[in-house]
1. So, in the range 231-266, how many residues would count as being surrounded by 18 or more Cβ atoms within 10 Å (Cβ to Cβ) and at pLDDT 75 or above?
2. Hey, among Glu764, Glu684, which residue is acidic (Asp, Glu), outside any strand (DSSP E or B), out of contact with any Pro (no Cβ under 8 Å at 6 or more places or on another chain) and closer than 27 Å to Val190 by Cβ?
3. Which members of the range 277-317 meet the condition of being within 17 Å of Glu336 (Cβ to Cβ) and surrounded by fewer than 19 Cβ atoms within 10 Å (Cβ to Cβ)?
4. Limited to the range 545-558, what total is found for residues that are surrounded by fewer than 24 Cβ atoms within 10 Å (Cβ to Cβ) and in contact with a Ser or Thr (Cβ under 9 Å, 6 or more places away or on another chain)?
5. Which residue pairs have Cβ atoms closer than 8 Å, lie 6 or more positions apart in sequence or on different chains, and pair a first residue in the range 499-525 that is surrounded by 24 or more Cβ atoms within 10 Å (Cβ to Cβ) with a second residue that is polar (S, T, N, Q) and in a helix (DSSP H, G or I)?
6. Return the residue satisfying two criteria in turn: it lies in the range 527-544 and is surrounded by fewer than 24 Cβ atoms within 10 Å (Cβ to Cβ) and without any contact (Cβ under 8 Å) to a residue 60 or more places away in the chain, and of such residues it is nearest to Asp465 (Cα to Cα).
7. I need the full set of residues from the range 565-612 which are in a strand (DSSP E or B) and within 26 Å of Gly710 (Cα to Cα), in order please.
8. Residues of the range 54-110 being within 25 Å of Asp484 (Cβ to Cβ), in contact with a Leu (Cβ under 7 Å, 6 or more places away or on another chain) and charged (D, E, K, R), which ones?
Amino acid sequence: MFKNKKLAASGVDTTEHAVAEPDRDQPWKELGLKQDEYLEIKNILGRRPTSSELAMYSVMWSEHCSYKSSKIYLRQFGEKVTDDMKEHLMVGMGENAGVVDIGEGLAVTFKVESHNHPSYIEPFQGAATGVGGIVRDILSMGARPIAVMDQLRFGAPENPDTARVVHGVVDGISFYGNCLGLPNIGGETVFDAVYQGNPLVNALSIGAMKHEDLQLAKASNPGDLVILFGARTGADGIGGVSVLASETFESTGPTKRPAVQVGDPFAEKVLIECCLELFHAGVVAGIQDLGGAGISCATSELASNGGKGMKVQLQNVLLRDESLTPEEILMSESQERMCAVVPKKQLKAFEKIVEKWEVEYSVLGEVIDEDRLYINWGHEEIVNVPPRTVAHDGPVYDRPVALPKYQKALNKDSSSSLKRVENATELAAQLMQLIATPNQADKSWITAQYDKYVMGNTALSMPDDSGMVRVSEETGLGVALATDANGKYAYLNPYEGARLALAEAYRNVAVTGAVPRAVTNCLNFGSPENPEVMWQFKEATAGLADACLELGIPVTGGNVSFYNQSGDVAIYPTPVVGVLGVIDDVARRIPSGWQDDGNNIYLLGQTFDELDGSAWAKDLHDHLGGQPPKVDLEKEKELAQLLHGASIQGLIESAHDISEGGLGIAVVEAALRFNVGARIWLGEMLERDAIDMTAALFSESQSRVIVTVGREDDVKFQALCEARGVPCLRIGVTDATSNMVEIKDLADLKLDDIRAGWVNTLPELFG
């Protein structure tokens, strides 16, 4: 409905006042701006900003929105690319989400973003709106959202506050995702005291579309209408993800505005269907979601992206709270809102569709052929700015970098000093102990709260190594997704840690039979004002960009989250890497656990004595030091090609990557997946690789996978491995009758005993 309020003057700060009162004190510092940034705004405008302009610049120049400390490093994701890497890339970085061609005239869009700080303040709403926000990013590209994933980092599990955050975050994710009707197909959950005051809640969504349905959000045609639709604008989330709440604006106005957004998944569900119908009817030139920075972001980015300007009447915004000031309206991050650019001739068609879905709307203004964004409050002008200076031409910092003072000592402190037990009984006890640690234990207490199969297109989900969804019901074409990050590795060596995160996600996609095709990332770090953190960031981004180039898969977009720090103590650098793979028929998917009796178990790859940064070192010995495992990306490519070739020929019955916890954890997880035991022998591996039993069980050497092969396919499979140059060693056989994992010369572990420790850990901690 078009709402035309009385256009009355109200004593707000106008551009006229800004000229007449140049020396008025303004709360630029409280809004998160530096003095030089405030002076630059004055220089751009040729005067002081109005309070509304100050609000816009403060949220749009915040770290969250502008990437001012990371831009110079993020550029390399678009520079370190080859023509081959661009072959399937339809939309790269810089848009709401990247888009990848998957064949058959279909494409998918996917992206991962952070909602860390709101999720600590108010875990339920922080996590819920994180899901809602990333889904709207996907929607704005013209795609139907088809699945979500989450990447979680919590503090020490025994800390009482961890329970508060865990319960709130998991409840928020499950509530919002389940209400939307989107399957949650995977992710990660890690516990470590380093995340105590700074939990990480990263959310990923993926959507599917036909090529012709692709949409780009921009306002490029003068005369087109700018329409806000969806939920009404409220006081929630004012400056929530970017700067402080806005009570400093008006001493007489409402104070202590909630900094965290409040989500309504049912409103979003309706909004999704409404937007898709608007797209398919061809009545919109583009739609921008309103997340971080709200109307400030939507208006300035749409105008800047289109190379045009806008005239906006802010009093036309539909409000839940009539006491909101113009500044608060501009900064509000209320959820379930979208901004559409609509040709005037399509207005009636637009109105018909939104009214059908009972979605409220108001016409805010129109696109103009001028490089200015004008916003009025009634008859008074409160914003007059070049939109690009707000949206895209903010500060760019080349911040100081410095090797952390502790780094050399940290890297010298290897795990070689840790005592290794040689007694078989003690080694078996270590394996059982490790299985039951919070980071290795069963995560179904969390994942069971998520709907994994709604919509009926889920082919794989937790606890499989990757999530997989069918995109085409006619052909079975689908995509696999895996996300990984190991903060311990990145802490020891951020360059290698980022490469290792990519390698693991790449491998997790490959073991499903899919072909890795594209990357998204969410880079979680401490304060960029700390030179040691910036060194970590510089190293990690270089490592990830170089690794993507080596593997030949492009970064399509992502997010940076800084200021994950309590006092002087930053989190481990945690670059979350998501890899998307394509599979021509999800019926060919490979599960992560064995199901059949009498299949041979093969270890692919070579094992080295690499225990620095391992679960064995950290979780059993409380030690973190040395260097992370070495990664050979050429070997990762060869392994992925082997797995794909073997899956095409139907030679592999199951495949499980070996990563955190080593071979011991991988074997146990593969057995527990479908409750099928195995007989394992490691003597030949010990001899071939010149390692001891501790390394054999717990080393986290890369480029390794365990697969099961039917006996009738043994010869073919071994020949394929030999032809591809992938080390292949038979280490066992599946046993469906024994109900145990028998490791020769070590122990006979009953599946019931293993499962008891594995399953009960999280319920005992969190209820």
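The values are calculated or read from the model by the stated rules, or taken from the named source; none is laboratory data. Source: prediction; values computed, not measured. Virtual Cβ from ideal backbone geometry, glycine too; neighbours counted across all protein chains shown.
1. Result for the range 231-266: 10.
2. When all the criteria are applied, what remains is Glu764.
3. Within the range 277-317, just Glu277 meets the criteria.
4. Final tally of qualifying residues: 2.
5. Pairs found: Gly513/Ser647; Leu523/Thr541; Asn524/Asn116; Phe525/Gln536.
6. Here the residue is Gly543.
7. Within the range 565-612, Gly581, Val582, Ile583, Asn600, Ile601, Tyr602, Leu603, Leu604 qualify.
8. Lys80, Glu95 - these are the residues of the range 54-110 that are within 25 Å of Asp484 (Cβ to Cβ), in contact with a Leu (Cβ under 7 Å, 6 or more places away or on another chain) and charged (D, E, K, R).
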